[in-house]
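Here the structure is laid out as structure tokens; the discussion comes afterwards.
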Amino acid sequence: MTIGQDLTKPPSPRCLRSVKGIRLELTRLYGQGKRGEVNPVLLGKLVHLLSTLANLIRDCEIEARIEVLE
């Protein structure tokens, strides 16, 4: 795959439901970026989206824990 082409394999929606799954996806993207398989602009956008998703999952988990304590 050359720079400018799309990603080889889309992530499973199930793997993006946890911070661990997002970490694994970020690791996969990092490897593709290092090998030059992903357009750097697209890579940056995907990393930003995955980071935002991880923060939202963490916030939801914290919110759920607070509700249990109240």
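Can you say whether V19 is surrounded by 10 or more Cβ atoms within 10 Å (Cβ to Cβ) and at pLDDT below 95, as far as the supplied structure shows? Outline the logic, then answer.
Values: surrounded by 10 or more Cβ atoms within 10 Å (Cβ to Cβ): yes; at pLDDT below 95: yes.
Yes, satisfied.
Scan segment 17-39 for residues that are part of a helix (DSSP H, G or I) and either free of Cβ contacts under 8 Å to residues at least 40 places away in the same chain or over 13 Å from the mean Cα position of the chain (by Cα) (or both) and report the count.
Of all residues in segment 17-39, those part of a helix (DSSP H, G or I) come to 17, 19-34.
Retained after the next criterion (residues that are either free of Cβ contacts under 8 Å to residues at least 40 places away in the same chain or over 13 Å from the mean Cα position of the chain (by Cα) (or both)): 19-34.
Residues flagged as part of a helix (DSSP H, G or I) and either free of Cβ contacts under 8 Å to residues at least 40 places away in the same chain or over 13 Å from the mean Cα position of the chain (by Cα) (or both) within segment 17-39 amount to 16.
With respect to L69, is the statement that it is modelled with pLDDT of 90 or more, surrounded by 11 or more Cβ atoms within 10 Å (Cβ to Cβ) and of a type in the set (A, V, I, L, M, F, W, C) true?
Numbers: modelled with pLDDT of 90 or more: yes; surrounded by 11 or more Cβ atoms within 10 Å (Cβ to Cβ): no; of a type in the set (A, V, I, L, M, F, W, C): yes.
For L69, the condition - modelled with pLDDT of 90 or more, surrounded by 11 or more Cβ atoms within 10 Å (Cβ to Cβ) and of a type in the set (A, V, I, L, M, F, W, C) - is not met.
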Determine whether K9 is loosely packed, with under 13 Cβ neighbours inside 10 Å, outside any loop (DSSP other than H, G, I, E, B), at pLDDT below 95 and not acidic (D, E). no
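The values are calculated or read from the model by the stated rules, or taken from the named source; none is laboratory data. Please read these numbers as outputs of a predicted model, since none were measured by experiment. Positions of Cβ are generated from backbone atoms using ideal geometry, with glycine treated the same way; all protein chains shown enter the neighbour counts.
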